[in-house]
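Enquirer: Can you read through this structure? Questions will come right after.
The values are calculated or read from the model by the stated rules, or taken from the named source; none is laboratory data. This one's a predicted model, so the numbers in the text were calculated from it and none came from an experiment. Ideal geometry is used to build each Cβ from the backbone, glycine not excepted, and the neighbour counts take in all protein chains shown.
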Amino acid sequence: MPSIEKTCRSTSGCTITPKYHPNLTMKAVEWHGSKDIRVVDRPRPMITDPQDVILKVTSTAICGSDLHLYLNYVPGLEKGDTLGHEFMGIVEDIGSEVKNLKKGDRVVTAFDIGCDRCVYCTDHKLFSSCDSTNDSKEQEKLYGHRTSGMFGYSHITGGWDGGQAQYVRVPFADSNTLLVPDSLPDEKVLFLSDILPTGWHATEMGEVSKGQTVAIWGCGPVGMLAALSAQYKKAGRVILIDNEQYRLDYAKKHLPGIETINFSKRSTLEQLKEMVPNGPDVAIEAVGFHYSRTTAHKAQMLVGLETDPSEMLNEMIMAVRKGGIISIVGIYVGTTNGFNIGAFMEKGLRMAGGQTPCQKYWPILLPLIESGKLDPSFVLTHTMPLEKAPDMYKIFDEKKDGCVKVILKPNL
Ligand code: NAD
Ligand code: ZN
């Protein structure tokens, strides 16, 4: 729960800007430990800064990134943190300096919080590298710099409350929200908050172009939307890799022309070599660090010798053609041993990674959705009331019930 000081509303002598309403509450999804997700009543957020808006959330999704939190693999989580970085809603309240929005507007937000004032946001359009929305000293120590703040994603990304809730505060609202037309249902635009821009970003970093062969590790929602983006860019062959056959079948059904590899019986490298003897031009990592299954990694992690596995990255280094590109959108948080730097260097490869600057891609992606040229909604398999969050985290994590992507509705 928020500290008592932060709910203070006194105007006489109190120097703390109140963040939470003194008597109005809302339902929200809180993290309480490994696999311990609770839906609780907590105070509603209030406008804290003149550039804020308060959104009444209409839809919010669970992301593969939330699974890293669910399984307690990300540093900086605190019991009672509100989760959720993929959400949209209606502007309920508005700060005095917000220029582009009014009450009642329907908007999607970006999971990465940009200020639209620092050099990363303005000159480079790297909103996910914003210099001013994350005050975590811990992250600076780990990475040399701080990335942007993120909604509902631990205190190393700023400790911002998430949007798996009835209401959420969105800072720098002009920069971090996108007005969406009423003609498009939530299901078609919600994924502009993260996974559609992320799938697109994966193909941008991989410089995917016409005729190329693209192999994608991970056939979750992000992998599938990277495949959709690669097909839109007219890649010659797109190969999705996973060990969950139901996800590969789902992708085949919704993305005609896709090829698949199931590595549960035979290794990815062996199968990929047969399918593409010279190797794919681009390899995309859409898995993330917590899926490692080698005992070597587990043992090293246990004694604090590494936090992240190198197995997926090494597979990609071995698989991709000489001079090819590796694009990493799957999340990694720390250090890894056994990384095949030799093969990477000798084969003349390039590698790029990053959290997605969603705002950069909105001007391209919203018109593609509006015109019907891209429809990310096919990944959605489950729509549930917010109260069902604990069950849905479990089902999504355990890959039960044909689950690919979950939307939670606070008002269902
Ligand atoms: P997900 O967990 O639903 O999907 C990951 C898939 O990878 C699963 O289907 C799993 O079976 C598969 N997998 C496991 N081990 C594998 C292996 N060795 N080879 C191939 N596939 C394997 O998650 P998602 O929502 O699709 O997200 C994928 C990754 O993208 C996560 O790490 C998530 O945190 C990350 N992500 C990054 C950004 C960003 O901005 N960079 C944004 C959103 C999500
Ligand atoms: Zn996400």
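Enquirer: So, restricting to strands (runs of 3 or more DSSP E) that lie completely within segment 163-224, which ones have at least 2 residues that are within 16 Å of ligand 1 (Cβ to nearest atom) and within 12 Å of Ala286 (Cβ to Cβ)?
Expert: It comes to 213-217.
Enquirer: Please state which one of Val74, Val91 is within 16 Å of ligand 2 (Cβ to nearest atom) and either of a type in the set (Val, Ile, Thr) or part of a strand (DSSP E or B) (or both).
Expert: Checking each option against the conditions leaves just Val74.
Enquirer: Kindly indicate which of Ala215, Ala202 is at pLDDT 95 or above, within 16 Å of ligand 2 (Cβ to nearest atom) and of a type in the set (A, V, I, L, M). Working first, answer last.
Expert: Numbers: Ala215 fails: within 16 Å of ligand 2 (Cβ to nearest atom).
Among Ala215, Ala202, only Ala202 is at pLDDT 95 or above, within 16 Å of ligand 2 (Cβ to nearest atom) and of a type in the set (A, V, I, L, M).
Enquirer: So, in segment 308-335, exactly how many residues are away from ligand 2 (no atom under 16 Å from the Cβ), in contact (Cβ under 8 Å) with a residue 40 or more places away in the chain and not charged (D, E, K, R)? Even if it seems obvious, please write down each step before you answer.
Expert: Initial filter on segment 308-335 (away from ligand 2 (no atom under 16 Å from the Cβ)): 308-327, 334-335.
Remaining after also requiring in contact (Cβ under 8 Å) with a residue 40 or more places away in the chain: 312, 315-316, 318-322, 324-327, 334.
Now restrict to residues that are not charged (D, E, K, R): 312, 316, 318-320, 324-327, 334.
Count: 10.
Enquirer: Of the residues that sit in segment 352-398 and are more than 15 Å from ligand 1 (Cβ to nearest atom) and part of a strand (DSSP E or B), which one is farthest from Lys234 (Cα to Cα)?
Expert: The qualifying residue farthest from Lys234 (Cα to Cα) is Pro385.
Enquirer: Going residue by residue through segment 168-186, is there one that turns out to be on the phi > 0 side of the Ramachandran plot and surrounded by 19 or more Cβ atoms within 10 Å (Cβ to Cβ)?
Expert: Within segment 168-186, one or more residues are on the phi > 0 side of the Ramachandran plot and surrounded by 19 or more Cβ atoms within 10 Å (Cβ to Cβ).
Enquirer: So which of Lys99, Lys103, Lys125, Lys137 is free of Cβ contacts under 8 Å to residues at least 12 places away in the same chain and of a type in the set (D, E, K, R)?
Expert: Going through Lys99, Lys103, Lys125, Lys137 in turn, the sole match is Lys137.
Enquirer: Report, by residue number, each residue of segment 148-163 that is on the phi < 0 side of the Ramachandran plot and under 14 Å from the mean Cα position of the chain (by Cα). Talk me through it step by step, then tell me what you get.
Expert: Initially, segment 148-163 is screened for residues on the phi < 0 side of the Ramachandran plot, giving 148-151, 153, 155-157, 160-163.
Result: Ser148, Gly149, Met150, Phe151, Tyr153, Thr157, Gly162, Gly163.
Enquirer: Shifting gears a bit: Just give me the residues in segment 278-322 being more than 14 Å from ligand 1 (Cβ to nearest atom), over 14 Å from Val214 (Cα atoms) and acidic (Asp, Glu), in sequence order.
Expert: Glu306
Enquirer: Determine which single condition Val57 fails, assuming it passes every other condition in (1) within 16 Å of ligand 2 (Cβ to nearest atom); (2) under 26 Å from Leu184 (Cβ atoms); (3) part of a loop (DSSP other than H, G, I, E, B).
Expert: Here Val57 clears every test but (3).
Enquirer: Would you pick out the residues in segment 127-160 that are under 28 Å from Leu412 (Cα atoms) and either surrounded by fewer than 23 Cβ atoms within 10 Å (Cβ to Cβ) or among the basic types (Lys, Arg) (or both)?
Expert: Answer for segment 127-160, where residues must be under 28 Å from Leu412 (Cα atoms) and either surrounded by fewer than 23 Cβ atoms within 10 Å (Cβ to Cβ) or among the basic types (Lys, Arg) (or both): just Gly159.
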